[in-house]
Each structure stands twice: as structure tokens, then as C-alpha cells.
1. When the residues of the stretch 83-115 are filtered to those that are touching a Phe, Trp or Tyr at 6+ places or on another chain (Cβ under 8 Å) and in contact (Cβ under 8 Å) with a residue 40 or more places away in the chain, which remaining residue is nearest to GLU182 (Cα to Cα)?
2. Test of understanding: among GLU84, GLU105, which residue is in a helix (DSSP H, G or I), on the phi < 0 side of the Ramachandran plot, at pLDDT 90 or above and among the acidic types (Asp, Glu)?
3. Could you check the stretch 152-171 and list, in sequence order, the residues that are more than 18 Å from LEU110 (Cβ to Cβ) and free of Cβ contacts under 8 Å to residues at least 24 places away in the same chain?
4. Given the conditions (1) more than 27 Å from THR61 (Cα to Cα); (2) assigned by TED's automatic domain parsing to the domain that holds LEU59, report the number of the one that GLN98 does not fulfil.
5. Starting from residues that are surrounded by fewer than 20 Cβ atoms within 10 Å (Cβ to Cβ) and part of a helix (DSSP H, G or I), keep the ones in the stretch 197-207 and report whichever is modelled with the lowest pLDDT.
6. When ALA165 is evaluated against the numbered criteria (1) surrounded by 15 or more Cβ atoms within 10 Å (Cβ to Cβ); (2) closer than 30 Å to LEU66 by Cβ; (3) among the aliphatic types (A, V, I, L, M), which criterion, by number, is the only one it fails?
Amino acid sequence: MKTNLFLPTLLAVIIQVMVNGQTPGNQITQIRKTLISTESKIVNVTYTMKPDAVSLNALLTQAKELNLTAQAFKSAAKTKRGDEKKELTVEALFFEKQFVIKQIEISELLAKETYQKLYQNRNYINVLLKIIKNDETTTALALNLNSEAEKCIRMAKEMREEAYAQANIVSKLGNLSNAEDEEVLALNKQQLVFDIIERVNPKVTVR
């Protein structure tokens, strides 16, 4: 299959990206290699391996690579016609899909860290409220903000549940992104509780 690709500078480039798949009893990681050779041929090689623990930075790097690769194929497709255009478009769609999947993985990983922080803050706020219980004004303000934070947490959880009920991965990512916004709001409101308590009660040290 002969295909003349976009810019000469993109020739002889090996792009490795990680994509997740499922087997009947075992999650695997599929590595799809797209070889753009100096002979202007596209060679796709797919194989599997067991996944290792992946850090947030690694996921972000993989997402960036997937997005750049998808955009490269889309740009190339604009300059072609017929079968060449179709082939390049298929490749672009493949990498776009994997980019969305990677974004979902990132959201899930971030959620674990976010909820750990939210719950830690919740426990600490309860301790502080007991310490300042004689200060009715500050307590009222803190309780109001904390209530708003808890509302955001509930909404975020509902949005994540809705996301996992979506069959379409783009819609799923959209709901997860909305959930992230609510989680950030919850964290901000919890921080406001800490700020108010510390400002009004100098003897209380907020971590």
C-alpha cells in the first residue's frame, strides 16, 4: 500500500501509544505502532502486554501523543483523495477514539486523588467545627460553606454515575468533565471554610 504522507519531516517517525483493551478475564494494554517509513508506507503492528501501574504524568504524555497523532492524520487526509483519504481518515478516527479513552483514564485517576482529599477535608472540618463551637457566627458561615461543598460532592458523584451509564465514550467524557468541575468547586468551598476559621480564630491552625 503506497501512501504519500503530509510533510517530509514526519517521515521515518515511529509513534508508540498505549491503548487499553479488555480480554475475557484479563485487562491488557495494546500498543499500536504506526510506522511512517521513508518509502511512504504505513505499517500497523498490534500486540499485547500486561499493563503496569501508570502515573498521571505518563497518562498525560500518552494523551498528548494520541492527540498529536490524530491531528497529523487529519491534516494529511485533507490533502488526499479516494482510498488514500479514507485510509488516513480511518487512522485519524482510531487515534481520536484512543485519545478520548485516555482522557477517561486520566479523569478516573484524578478522581481517586480528589475524593481522598475531599474526605480528608471533610473529617478535618468536623474537628474544627467542634473547636470553634462557641463562635456562633464563624460556625454558621463554616457550616453554610461546608453544606455547599457537600452538595457539589453529591452532584459530582451523580454525574460520574451518569457517565458510566453512557454507551458513547464522548458523552461519557463530557459527563466526567462536568463532574470534575463540581469536585473542584467542592474543594474550593472546603478551602474557604479553612480560611474563615483561621482568619477569625488565630489560635486555630489550619493545615
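The values are calculated or read from the model by the stated rules, or taken from the named source; none is laboratory data. Keep in mind the model is a prediction, meaning the values are calculated, not measured. Here the Cβ positions follow ideal geometry from the backbone for every residue, glycine too, while neighbour counts run over all protein chains shown.
1. This residue is PHE95.
2. Going through GLU84, GLU105 in turn, the sole match is GLU105.
3. Result: ARG154, ALA165, GLN166, ALA167, ASN168, SER171.
4. That leaves (1) as the condition not met.
5. Top of the filtered list is VAL200.
6. (1)
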